[in-house]
Amino acid sequence: MQPAYVAKRFGVFLLIVWVAGTINFFLPRLGGSDPVRDRLVAQAALGGSVQAGMEDMVAEYNEKFGLERPLWQQYVTYVGDMLRLDFNYSIANYPAKVIDIIREALPWTLALLTTTTLLSWVIGGLLGAVLGWPRSPRILQYLMPPLLALNAIPFFLFGLVLIYLLAFRLRAFPLSGGYQSGTFPAFTPSFVWDVLQHAVLPALSIILVSIGGWALGMRAMMVTTRGEDYVTFADAKGLKERTIFFRYAIRNALLPQTTALALALGQMISGAVLVEVVFSYPGIGTVLFNAIRGSDFFLVQGIVFIIIVSIGIATLILDLIYPILDPRITYRRA
Amino acid sequence: MSTAVQARPADRPRPATGVRAGAVGAALGYLRRNPALLIGALFLFALFLFVAVGKLTADAEEARPLSVRSLQPPSSELPFGSDKQGRNLYAVMVEGTPLTLRIGLIAGVFGVVFGSVLAFVSAYYGGLLDAAIKGVVDVGLTIPGLLILIIIAMNVRGGLTVNQMTVVVAVLAWLYPARTIRAQVLTLKQRGYVQIARLSGMGGPEVIFRELLPNLLPYLGASLVGSVSAGVLAAIGLELLGLGPFEAPTLGMTLYWVNYNAAIINGWWWWWVPPIVVIAVLFIGLFLVAVGLDEIANPRIRNRA
């Protein structure tokens, strides 16, 4: 891998991180006043046992982002805070820090999202590959139209239907949450089993909806690669069909699918956030939902920053894997 | 809106597109060979019919809370029943469907128009401007749009109105069209007739409007349908998260109340079945029309999914 290629990808990653911080800083200030301060002052005025702490927070906020300081200084302070992952306290759950709340919720989302994204990508890809090959089984061909129809609707909409059918009617799965309420997260077999049961429906609503799209893309790529000279040549050489299918056709059709995966990450996350809301799954989406309801600006900003940075990291990883799949990429001037 | 776009290539002769001049019969014949477009158009027409009939039979005032008895299952008086706050759900669907679609339409039209302008300028003239636009679009598309919309929506005082929400959704609607249309213009630019037009002394704007634009119309149509769909999706997402217009009976707000009141596990099926069915029909219809238009734009290549 050429250093220039790696350096460029890291540059893009840093750019994404910078955009994430800048958006968080400037968008709330576009309206002229600072809604974050208004909310903070309102919360401090409410009183209660944590009032003293809230007032300290207002004082600290004013010192950092007060109007007496020029905008660029406020901005530098803000970006510095973001890079140290210091998102301040949660306004709605005062003594709790934003980063701690995120740290608790993030593993749930990461586990759900990486598993479902990879599973739907692999299953959809294989399905599309088989469909793009001559003599694919009839059953698979009938599977395609319903999968494509599902692909057109949002994840959470299908999730609602799954809740009704499989959790409410058949009672095969729990209705909502990430684990049985009253139990505490621990690494015991029964707890893991419980978590898996709770994850099935959210995962299914993401996987079943996204399979169709991956299958469609892969099928088209397989049809194209099937007509390539190297496949004809491999056939003429007398290679086994299995070998041609896996080593020649899929291997090459994989490249655009990987690019598409990198592009789809943002949409997958947006979709997953809403799925979590519908299932009250204890991940970042549900925390975001509650933060919006409580006008908890710091928490929302922290979540937005963390999600964008996570996508940056995922894109970076895919970008660094890509030259291994396609060695040509580093010869070309990227 | 879809009928206007799909009828164009068939009934107006345009030598450059290679579509034969033909009458309505040819268009119908084409629809038979392009079932996606036909079925998609039928789906959207069914929605249109539902709203049109509903406007005549439903009382718009009953889409407000406290207008009928709450939590009634469907009956002859309340065909879709009523929700917990006493809205007539039939009236809510009739009022909400066009309201939601309007958000998507306005955002989608703005997105495609603004996105096309950027795409044409960027791809045709190239150079630094192209690099800048491409850079902004690429980074912008990496970031999940919903998050940006959340930050904007949270900072609007006193909750959004439907119109403000439309503006918020439109803010990011041009990114995706800009990218895909730019790619199309780049390939089109290399074609022989465009080269000839340039060599024979046509200026930039003239080439864009007389050679490139007409040939991209079916593609722009598909792109528009895609952006309308994305706009509706973004609006529903914001609404489900509780950032929508609380006063309005849109489809997304209905789902918000469904989720808020846990209507599914309380067994109030009539509350959530209509919005889900309407949204599903809308998205599937738009998807099929986009696929159909794509096929018109690109009859040979079906691979770019």
Cβ-Cβ under 6 Å pairs, at least 6 apart or on other chains, segment A:188-201 side on the phi < 0 side of the Ramachandran plot, far side aliphatic (A, V, I, L, M): A:LEU201/A:LEU162
Answer from A:LEU106, A:LEU110, A:LEU127 - the residue that is open to solvent by 60 Å² or more (accessible area, probe 1.4 Å), in contact with a helix residue (DSSP H, G or I) (Cβ under 8 Å, 6 or more places away or on another chain) and modelled with pLDDT of 85 or more: A:LEU110
Pair list, Cβ under 6 Å, 6 or more apart: segment A:293-306 residue free of Cβ contacts under 8 Å to residues at least 60 places away in the same chain, other residue open to solvent by 10 Å² or more (accessible area, probe 1.4 Å): A:ARG293/B:GLY242
Residue in segment A:314-323 that is open to solvent by less than 20 Å² (accessible area, probe 1.4 Å) and among the small types (Gly, Ala, Ser) present: no
Hits in segment A:78-96 (condition: open to solvent by 50 Å² or more (accessible area, probe 1.4 Å), assigned to a loop (DSSP other than H, G, I, E, B) and modelled with pLDDT of 85 or more): A:ARG84, A:LEU85
Verdict on B:ALA280 being facing chain A (nearest Cβ under 10 Å), part of a helix (DSSP H, G or I) and closer than 27 Å to A:MET268 by Cβ: yes
Any hit, segment B:163-177, residues being of a type in the set (S, T, N, Q), open to solvent by 50 Å² or more (accessible area, probe 1.4 Å) and under 20 Å from the mean Cα position of the chain (by Cα): yes
Lone unmet requirement of (1) more than 11 Å from chain B (Cβ to nearest Cβ); (2) surrounded by fewer than 19 Cβ atoms within 10 Å (Cβ to Cβ); (3) more than 25 Å from the chain's Cα centre (by Cα); (4) not basic (Lys, Arg) for A:VAL223: (1)
Among the candidates A:PHE168, A:PHE156, residue that is surrounded by 15 or more Cβ atoms within 10 Å (Cβ to Cβ), touching a residue at least 60 places away in the same chain (Cβ under 8 Å) and within 10 Å of chain B (Cβ to nearest Cβ): A:PHE156
Test for A:GLY285: is it open to solvent by less than 40 Å² (accessible area, probe 1.4 Å), at pLDDT 90 or above and either within 21 Å of A:LEU110 (Cα to Cα) or within 9 Å of another protein chain (Cβ to nearest Cβ) (or both): yes
3 or more residues buried (at least 21 other Cβ atoms within 10 Å of the Cβ): qualifying helices (runs of 4 or more DSSP H) within segment B:188-272: B:213-240, B:251-260
Qualifying residue in segment B:75-86 (condition: crowded, with 22+ Cβ neighbours inside 10 Å, without any contact (Cβ under 8 Å) to a residue 24 or more places away in the chain and of a type outside the set (Phe, Trp, Tyr)): yes
Residue match in segment B:138-161 (condition: buried (at least 22 other Cβ atoms within 10 Å of the Cβ) and either more than 14 Å from chain A (Cβ to nearest Cβ) or of a type in the set (D, E, K, R) (or both)): no
Every residue from segment A:184-201 that is over 16 Å from A:SER280 (Cα atoms) and of a type outside the set (Phe, Trp, Tyr): A:PRO185, A:ALA186, A:THR188, A:PRO189, A:SER190, A:VAL192
Residue in segment B:251-264 that is aliphatic (A, V, I, L, M), in contact (Cβ under 8 Å) with a residue 12 or more places away in the chain and more than 10 Å from chain A (Cβ to nearest Cβ) present: yes
Some residue of segment B:101-110 being without any contact (Cβ under 8 Å) to a residue 60 or more places away in the chain and open to solvent by 10 Å² or more (accessible area, probe 1.4 Å): no
Single condition A:GLY294 does not satisfy, out of (1) open to solvent by 10 Å² or more (accessible area, probe 1.4 Å); (2) at the interface with chain B (Cβ under 7 Å from one of its Cβ atoms): (2)
Selection count where residues are more than 13 Å from chain B (Cβ to nearest Cβ) and farther than 14 Å from A:GLY271 by Cβ, scope segment A:192-217: 9
Options A:ILE139, A:ILE163, A:ILE99; residue that is touching an Asp or Glu at 6+ places or on another chain (Cβ under 9 Å) and either assigned to a helix (DSSP H, G or I) or crowded, with 20+ Cβ neighbours inside 10 Å (or both): A:ILE99
Residue among A:GLN257, A:GLN267, A:GLN301 that is closer than 23 Å to A:ILE123 by Cα and open to solvent by less than 40 Å² (accessible area, probe 1.4 Å): A:GLN257
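To keep it simple, each residue is scored yes or no on (1) among the charged types (D, E, K, R); (2) at pLDDT 85 or above; (3) assigned to a helix (DSSP H, G or I); (4) out of contact with any His (no Cβ under 9 Å at 6 or more places or on another chain).
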| position | (1), (2), (3), (4) |
| --- | --- |
| A:MET1 | no, no, no, yes |
| A:LEU40 | no, no, yes, yes |
| A:GLN43 | no, no, yes, yes |
| A:SER49 | no, no, no, yes |
| A:LYS64 | yes, no, yes, yes |
| A:GLU68 | yes, no, no, yes |
| A:TYR75 | no, yes, yes, yes |
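The values are calculated or read from the model by the stated rules, or taken from the named source; none is laboratory data. Bear in mind the structure is a predicted one, so any value in this text is a computation, not a measurement. Heads up, the Cβs are rebuilt from the backbone with ideal geometry, glycines too, and the neighbour counts pull from every protein chain shown. Remember, those area values only see protein heavy atoms, side chains included, never the ligands or the DNA or RNA. Shrake-Rupley method; radii C 1.70, N 1.55, O 1.52, S 1.80 Å.
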